[in-house]
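Here, each number is a calculation from the coordinates, and none is a lab measurement. Here the structure is a predicted model, which means the values were calculated and not measured. Quick reminder, even Gly has a Cβ in these numbers, built from the backbone with ideal geometry, and neighbours come from all protein chains shown.
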Amino acid sequence: MPDPHPASVPIRQHAPRLNTLAAPVPDSLPILPQYFDALFHAQGQQHWWPGRTPFEIIVGAILVQNTAWVNAARAIANLRDAKLLTPSAINLVPQPKLARLIRSSGYFRQKARKLKAFVTFLRKEHRGSLATMFRTPTSTLRLQLLAVHGIGPETAVFVVDAYTRRILQRHGLANGKESYEEIRRLVEKSLPNDPQLFNEFHALIVHTGKNFCRARAPLCSQCALQTFLPKSVEGSR
Ligand code: SF4
């Protein structure tokens, strides 16, 4: 589970902000642990990685790429209604039908292909068993997953979605031109290397994005991250 003790996360004051640096993208954002701590303190553990089963969690990690969680959640609900939330069901369903059902998550044809690729990998490498897959040493499994079409490092680790981008941008920590990979690497290098902590941070960001950092009229005065808001931006919120 994510570390609930803020003191265990290294903190550096006066961290550089991305859009003030000469280099296009810095190696890390040392201030991010403070963001985690502030959100965790204000919102508590989210008990969230959006899925009821390990397979749903993996499906969610694929569907949430490059979109807000609400869109991925709608796609998962469709898959659940169609009784397709098992590896064997995803394996059997025609890809065009799968794509239709997950349309709300965006890039739905690509994501349907990714889901198919994952269950094919599971069948071939782990006899279709998630339990067997999870018994594989983490470093080996990570390499195996990275070799699966479309799974990529983003699925195995921190998920960057629209809320992440919006918050980083509004706080001057991103300029909006970074690639998915650049943002993912930036966040991962800024926090302790713990996939569950990454998931928790993502959940906290989703909560913040949905409840405070809305596209229009963000509620900065009620948000746990207001203290980090650059003065220049604060005045306009
Ligand atoms: S302080 Fe404002 S801009 Fe920053 S995350 Fe919260 S709502 Fe968004």
Q | Stretch gain in nm, segment S139-N193, where the contour uses 0.36 nm per residue and the Cα spacing is subtracted | A | 18.2 nm
Q: With a cut-off of at most 14 other beta carbons within 10 Å, and DSSP calling the residue loop, which trypsin sites (Lys or Arg not before Pro) in region 52-104 qualify? Please list them.
A: R52, K83
(Q) In whole Hz and in residue order, list the ³J(HN,Hα) couplings for region 57-72 that follow from phi through the Karplus curve 6.51 cos²θ - 1.76 cosθ + 1.60, θ = phi - 60°; x for Gly and Pro. (A) 5, 5, 4, x, 5, 6, 6, 7, 4, 6, 8, 7, 4, 4, 6, 5
Q.
Report the gain in length on full extension from K177 to A117: 0.36 nm times residue separation, minus Cα-Cα distance, nm rounded to one decimal.
A. 18.7 nm
Q: Pop out the ³J(HN,Hα) list for region 74-89 in order, Karplus 6.51 cos²θ - 1.76 cosθ + 1.60 with θ = phi - 60°, rounded to Hz; leave Gly and Pro as x.
A: 5, 5, 5, 4, 4, 5, 5, 4, 8, 6, 10, 8, 9, x, 5, 5
Q: Please report, in whole Å, how far the alpha carbons of region 54-156 spread along each principal axis, starting with the longest.
A: 34, 25, 19
